[in-house]
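J.: Pasting a structure here, questions to come.
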Amino acid sequence: MSGNSTAIYAAPGLSFEAEEHHDHDHAGKALSGFWLFMMSDLIIFGLFFATYATMLTPMSYAGGPTPKDLFELPGAAMETAALLTSTLTFGFASLAVKYDMGRGKVLGWLAVTLALGMVFLGLEIREFVHMFAIGAVPERSGFLSSFFGLVPLHGAHVTAGSIWLIIMMIQIARKGVDETAKSRLARLALFWHFLDIIWIGIFSVVYLGGIA
Amino acid sequence: MTQEFWKMVLGRLNFESLDFLKAFYDPTLNEVILTGAAWAVLAGGALGVAVLTYFRLWGPMWRKYLVSVDHKRIGIMYIVLAFLMLARGVIEGVVMRAQQADGLGGGFLSADHYAQLFSTHGTIMIFFFAMPFLTGLINIVVPLQIGARDVSFPMLNSVSLGLTVSGAMLIMISLVLGKFSTGGWTAYPPYTESTFQPGVGPDYWIWSLMLAGVGSTLTGINFVVTILKERAPGMTLMKMPMFTWTALCTSILMVFALPPLTVAAGMLAYDRYLGFHFFTNALGGNMMNFANLLWLFGHPEVYILILPAFGVYSEIVATYSGKRLYGYGSLVVATMVIAILSFTVWLHHFFTMGQDANVNAAFGIATMLIGVPTGVKVYDWMATMYRGRVRFSVPMVYMVAFMMLFVIGGLTGIILANPSIDFQVHNTLFLVAHFHNMLIPGLLFGMLAGYTYWFPKVFGFRLNDKWGYVSAYCWITGFVLVFFPLYIVGLMGMTRRTVAYTNPAYEPWMIVSGIGGLVVTVALATLVLQLYVSIRDREYTRDIGGDPWDARTLEWATPSPIPAYNFAVIPHIHAREAFAVAKEAGMGYQEPKKYSDIHLPGDTYMGVIMAVFGTGFGFGMIWYMWWLAIVCFAVMAVAFVGRALRGDRAAVIIPAAQVEAEHRAWLERVRKLAPITREHEQDGTNYGVAAPDQGAAA
């Protein structure tokens, strides 16, 4: 097969043509790699979701609190509002980068995003403190273990994303919105929106599903 | 007060943890073996340090290897790690065979020691022999086969290696300090929960796998992007060499199959460290979740291991048959089908654990289906050999043994795929015989064949053939002697993972198996001897032209040993098996019209930082030295942030003039060498330039 198809080429098999100065497209490669990382991460979340779903049985409540006893909508709704708004403000930061609106605007929107992320984390921690106070600790039952496996995992991701945001803000403040910053911001944006999607899953499965 | 202080510093570590002193207050054979192993690790480490110091190799090792991001150097380090761990794994296996040969009503090992042996043997062979070896081969070969200068993320590559090394270090430390898990390489809870094993054993398992697992995930990401984005101009997907295809599928599997392992080990860590109830007996834990998570990783892992070996065999069979690979398209499709089906069969590892018969039937059928693409491959390889002029070189010996033995192993797999039969032989030595029959001919022989095949490309001289043959035949005979008896005793009902037995009918078979263990030991020793002889006699096996086997793919179109930049000029690809096509047209060694400057990625400390502080982090977690774990984790995190803020290290620029001079000099040497025919492949006259094959088959 290979023998026949080469007949149409001047050089059989391989040739050394003048090397066109091709751009190495580092940003594109990094973005591809990051997509793969997120797919991998998504499987981790998927398995924690699956474990949580299998733990929604009386056996796994082990006589302890059930979702109905624990979850209430207002708190979760506030967390959702904070996180969804932060994804919108990150979008504004991305637009500011895209249309070269200047370092100030980019930094400003990133700061708002960071603040909203902090609000989200604060609300989440408040919820956990409350749960601990009423004895709904992970050691209590399989169900609570799976809750504290899933939801704080998302929280840890938001924390990591927030640290990344701070690093990006330092970098942009020092060096401006250069190509490296643009490439990294694109990945951070992807990550931040990804965490939003995970949260929507948590909101639907854990909180809405728990109250229903 | 001081006691409190030392408890904080040393955590759980105390006088009883020191394995290397045990035999002195309890000199039974069992304890002597335990202590001897600890001393062997300490002595091996000391010997390594002494050799490096005596030959003043610390500097070169640091500069050329440890901080290097060159994919070939990283590959070599992976393979060195794999061989070291192979030695330990094989010795452990042989000790187990010896124990069972002597095991009628007793034996010389305690049950606890035996349990540690099969746990570390499995863990090491899968995660620290097989994974590093195939990762090393992929590292060395894939960028060369696709015409790239390096991988997409060279620094990340070094990080992956560092994490793998830290996992291996923890496993080695477990020989010296404390007991390893006795829960098998699968570490099923609730037995591995702190209720039943409160010590450090399962924690060793958790952290070494966690670290190595993250390293493998990153490797997977790296190579998917490398293969999809770094191919030379003209190399479409369907022009990629078969090994690159299998590397792509393995990398995809690594990205998607390693996370379940991370989750399973992570949840077990939650249970053990924080008192969660994911898998405990009490308060609503569910150990079936662990079985599902582990095998959701574990089954694709089998194909992560086997696919690169299939790739090696595909390259070898074409080269040594002097024919192009038969059925390339079907091999690609079969590889992809295997990669996808590998996610649909995990439940056959626990047919007996209580699910519905219909569920078992569905997974049984899926399991039988996955045999089909594998069968396609075997036929393709046979058809490649058919009417080829087959040379029985060392890699081909491995290949032919593989084809025969692997089919037998596959057939026993089909037997096990039937749930009703599986109920009879589950947890017997029949199963042990089956998976060793898949992994030794499938994986180990493939890796050794690939090692022999690509060795001259990397080091510039061939391996000694005589000792290669001896080693190959010893591996093959040893394998047959060790594992075929296990099929028989398995059918007789002998359970796996038991230290001793009372049925005298097993004994003759166990003795045969033990003798096989001796043959395998000889095989391992001859492998070492082969390397020694090869290095000693390297002047007689020089590979200068870079093509000692009249091979077909792009990596052989380069000088040996291969320069850091791989290709003087990136070639344009017009055909599958491009180098073979070029050689047929008499254009194997063309002079590029124009040379350009070459940019190579700069060195990095990140790999070393990961290896050292990853080990420290794992060690701190295992022994409850929280300060150590926190400090090491912080160092790793700060290293990443610092690296991000500072940016990449400056690239190394090799000027066009230098590249031109080196390449011209090599072409000049190639022109002066006499091309040799295949009859002289193993002679001292084979300097790596192949004569045109006059009788080449279509």
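The values are calculated or read from the model by the stated rules, or taken from the named source; none is laboratory data. Everything numeric in this text was worked out from a predicted model, so none of it was measured. For neighbour counting, all protein chains shown are included, and Cβ atoms are generated from backbone atoms with ideal geometry for every residue, glycine included. Note: accessible area is taken over every heavy atom of the protein model, side chains too, but ligands, DNA and RNA are not part of it. Shrake-Rupley method; radii C 1.70, N 1.55, O 1.52, S 1.80 Å.
J.: I'd like the full set of residues that are under 14 Å from B:Ala690 (Cβ atoms) and either open to solvent by less than 20 Å² (accessible area, probe 1.4 Å) or within 8 Å of another protein chain (Cβ to nearest Cβ) (or both), limited to segment B:586-600.
T.: B:Met587, B:Gly588
J.: For the condition touching a helix residue (DSSP H, G or I) at 6+ places or on another chain (Cβ under 7 Å) and within 30 Å of B:Asn281 (Cβ to Cβ), what is the one hit in B:Gly215, B:Gly183?
T.: The conditions single out B:Gly183.
J.: Condition (residue is surrounded by fewer than 23 Cβ atoms within 10 Å (Cβ to Cβ) and hydroxyl-bearing (Ser, Thr, Tyr)) applied to segment B:302-309: is it met by at least one residue?
T.: no
J.: Within segment B:183-207, can you find the residues that are crowded, with 24+ Cβ neighbours inside 10 Å, under 25 Å from the mean Cα position of the chain (by Cα) and either of a type in the set (S, T, N, Q) or closer than 23 Å to B:Ala43 by Cβ (or both)?
T.: Listed by number, the list holds a single entry, B:Tyr204.
J.: Condition test on A:Phe45, is it open to solvent by less than 60 Å² (accessible area, probe 1.4 Å) and among the hydrophobic types (A, V, I, L, M, F, W, C)?
T.: Criteria met by A:Phe45.
J.: If you check B:Met403, B:Met396, which single one turns out to be buried (at least 21 other Cβ atoms within 10 Å of the Cβ) and not basic (Lys, Arg)?
T.: Being buried (at least 21 other Cβ atoms within 10 Å of the Cβ) and not basic (Lys, Arg) holds for just one of B:Met403, B:Met396, which is B:Met396.
J.: Has segment A:149-171 got any residue that is open to solvent by less than 30 Å² (accessible area, probe 1.4 Å), at pLDDT 95 or above and more than 20 Å from the chain's Cα centre (by Cα)?
T.: No: zero hits.
J.: Further question on the same structure: Quick check on this structure: which one of B:Gly493, B:Gly413, B:Gly468, B:Gly446 is over 30 Å from B:Met77 (Cα atoms) and crowded, with 19+ Cβ neighbours inside 10 Å?
T.: Checking each option against the conditions leaves just B:Gly413.
J.: Six or more apart or on different chains, Cβ atoms under 9 Å: show the pairs whose first residue is in segment A:149-168 and more than 19 Å from B:Tyr270 (Cβ to Cβ) and in contact (Cβ under 8 Å) with a residue 60 or more places away in the chain and whose second is of a type in the set (Asp, Glu) and open to solvent by less than 40 Å² (accessible area, probe 1.4 Å).
T.: Taking only residues 6 or more apart or on different chains, the pairs are A:Val158/A:Glu124.
J.: For the structure I just gave you, tell me whether B:Thr262 is touching a residue at least 12 places away in the same chain (Cβ under 8 Å), within 8 Å of chain A (Cβ to nearest Cβ) and open to solvent by 10 Å² or more (accessible area, probe 1.4 Å).
T.: Considered against the rule, which asks whether it is touching a residue at least 12 places away in the same chain (Cβ under 8 Å), within 8 Å of chain A (Cβ to nearest Cβ) and open to solvent by 10 Å² or more (accessible area, probe 1.4 Å), B:Thr262 comes out as yes.
J.: Residue by residue through segment B:221-232, note down the ones that are open to solvent by 40 Å² or more (accessible area, probe 1.4 Å) and either touching a strand residue (DSSP E or B) at 6+ places or on another chain (Cβ under 7 Å) or within 15 Å of B:Pro154 (Cβ to Cβ) (or both).
T.: Answer for segment B:221-232, where residues must be open to solvent by 40 Å² or more (accessible area, probe 1.4 Å) and either touching a strand residue (DSSP E or B) at 6+ places or on another chain (Cβ under 7 Å) or within 15 Å of B:Pro154 (Cβ to Cβ) (or both): just B:Lys229.
J.: Can you give me the ranges of the helices (runs of 4 or more DSSP H) entirely in segment B:371-462 with at least 2 residues that are modelled with pLDDT of 95 or more?
T.: Counting at least 2 such residues, we get B:394-417, B:429-439, B:445-459.
J.: Which condition breaks for B:Leu10 when tested against (1) over 25 Å from the mean Cα position of the chain (by Cα); (2) under 30 Å from B:Phe108 (Cα atoms); (3) surrounded by 13 or more Cβ atoms within 10 Å (Cβ to Cβ)?
T.: Failing condition for B:Leu10: (2).
J.: Do we find a residue being over 22 Å from B:Leu305 (Cβ atoms), open to solvent by 40 Å² or more (accessible area, probe 1.4 Å) and either free of Cβ contacts under 8 Å to residues at least 12 places away in the same chain or assigned by TED's automatic domain parsing to the domain that holds B:Trp295 (or both) anywhere in segment B:332-347?
T.: For segment B:332-347, residues over 22 Å from B:Leu305 (Cβ atoms), open to solvent by 40 Å² or more (accessible area, probe 1.4 Å) and either free of Cβ contacts under 8 Å to residues at least 12 places away in the same chain or assigned by TED's automatic domain parsing to the domain that holds B:Trp295 (or both): absent.
J.: Conditions: (1) assigned to a helix (DSSP H, G or I); (2) under 15 Å from B:Gly162 (Cβ atoms); (3) open to solvent by 10 Å² or more (accessible area, probe 1.4 Å). B:Val581 meets all but one. Number of the miss?
T.: B:Val581 satisfies all of (1) assigned to a helix (DSSP H, G or I); (2) under 15 Å from B:Gly162 (Cβ atoms); (3) open to solvent by 10 Å² or more (accessible area, probe 1.4 Å) except (2).
J.: Identify, by number, the condition in (1) open to solvent by 70 Å² or more (accessible area, probe 1.4 Å); (2) among the hydrophobic types (A, V, I, L, M, F, W, C); (3) away from chain B (no Cβ under 14 Å); (4) in contact (Cβ under 8 Å) with a residue 24 or more places away in the chain that A:Leu107 doesn't meet.
T.: (1)
J.: Continuing with this model, one more query. Here are B:Val652, B:Val569: which of them is β-branched (Val, Ile, Thr), closer than 23 Å to B:Asn139 by Cα, outside the structural domain of B:Lys7 (by TED's automatic domain parsing) and crowded, with 16+ Cβ neighbours inside 10 Å?
T.: Of B:Val652, B:Val569, the one residue that is β-branched (Val, Ile, Thr), closer than 23 Å to B:Asn139 by Cα, outside the structural domain of B:Lys7 (by TED's automatic domain parsing) and crowded, with 16+ Cβ neighbours inside 10 Å is B:Val569.
J.: So which pairs qualify, if the first residue must be in segment B:421-445 and closer than 20 Å to B:Tyr188 by Cα and in the same structural domain as B:Gly122 (by TED's automatic domain parsing), the second must be open to solvent by 40 Å² or more (accessible area, probe 1.4 Å) and of a type in the set (Ser, Thr, Tyr), the Cβ gap must be under 6 Å, and the two must be at least 6 apart or on different chains?
T.: B:Phe423/B:Thr352; B:His426/B:Thr352; B:Asn427/B:Thr495; B:Thr428/B:Thr495
J.: Tell me, please, whether a residue that is touching a Ser or Thr at 6+ places or on another chain (Cβ under 7 Å), more than 30 Å from B:Val569 (Cα to Cα) and at pLDDT below 95 can be found in segment B:119-129.
T.: no
J.: Do you know which residues across segment B:495-539 are within 30 Å of B:Val470 (Cβ to Cβ) and modelled with pLDDT under 95?
T.: Residues satisfying the conditions are B:Asp537, B:Arg538, B:Glu539.
J.: Of the conditions (1) in contact with a Cys (Cβ under 8 Å, 6 or more places away or on another chain); (2) within 14 Å of another protein chain (Cβ to nearest Cβ), B:Gly616 fails just one. Which one is it?
T.: Looking at each condition in turn, B:Gly616 falls short on (2).
J.: Kindly indicate whether any position in segment B:487-508 is in a helix (DSSP H, G or I) and either under 27 Å from the mean Cα position of the chain (by Cα) or closer than 25 Å to B:Pro548 by Cα (or both).
T.: There is at least one residue in segment B:487-508 that is in a helix (DSSP H, G or I) and either under 27 Å from the mean Cα position of the chain (by Cα) or closer than 25 Å to B:Pro548 by Cα (or both).
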